[in-house]
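Heads up, the thing below is written out as structure tokens.
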Amino acid sequence: MKPFASCICFVFLLLLVPAGVAADDSDTSDSEKTGGHITFETTPTDATIWLDGEKIGTSPFTYYSEKTGTLDVVVTKRLYEDYTGIVIVNEGERAVFTARLLPVSSKPLVPETPAVVMTTATVPVKESPITVPTPWPSPTESPLNPGVVVGAVALCAMIVLSRRG
């Protein structure tokens with residue numbers, strides 16, 4: 001049984017090696033590609049990078065661009081001001097783009113207006129002779145007649161005593 005397992009492993013390795021060689025042959029090397037690499041670094045990190053109007057990733061990272069020449073870069077991050085710049089990509093070379101983002105200022109964009117001092121005049125108020133009627137019953141009075149309350153208590157006492165006896 002051991003020789004059979006060894007043969008299976010050997011055949012598997014023979015099939016695997018040509019597949020790896022074929023995969024290597026299918027790749028194109030960097031020398032055949034046009035364009036260049038751009039390394040994006042920002043302070044703070046995790047900023048969104050836009051290259052020529054296309055979102056390409058979050059910093060820090062290295063990006064391969066098929067485009068060469070001067071490319072527009074916009075860096076955005078929440079609570080920070082947007083950063084715009086350019087990067088020059090030469091064929092077969094690596095460019096580094098760095099950006100230091102500034103926090104959004106907490107100051108208002110509108111200039112402060114000076115405070116205006118206002119004076120008011122006080123006029124003595126005379127008491128009005130008009131009386132305002134209050135709704136009936138007034139809040140200090142009980143809504144029930146005291147005789148009704150005493151009668152209800154007496155009735156409850158009679159019921160309790162009659163059940164005991």
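Where a number appears in this text, it was derived from the coordinates with a stated rule and is not lab data. Keep in mind it's a predicted model, so treat the numbers as computed, not measured. Neighbour counts run over all protein chains shown; Cβ positions are idealised from the backbone, glycine included.
Listing for the model above:
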| item | result |
| --- | --- |
| Whether segment 36-100 is rounded, prolate or oblate, judged on the alpha carbon gyration tensor where a/c under 1.5 counts as rounded | prolate |
| Label-point separation in nm, MET118 to VAL132, each point 7 Å along Cα→Cβ | 2.6 |
| Of all DSSP beta bridges in segment 36-100, antiparallel share, percent nearest 5 | 75 |
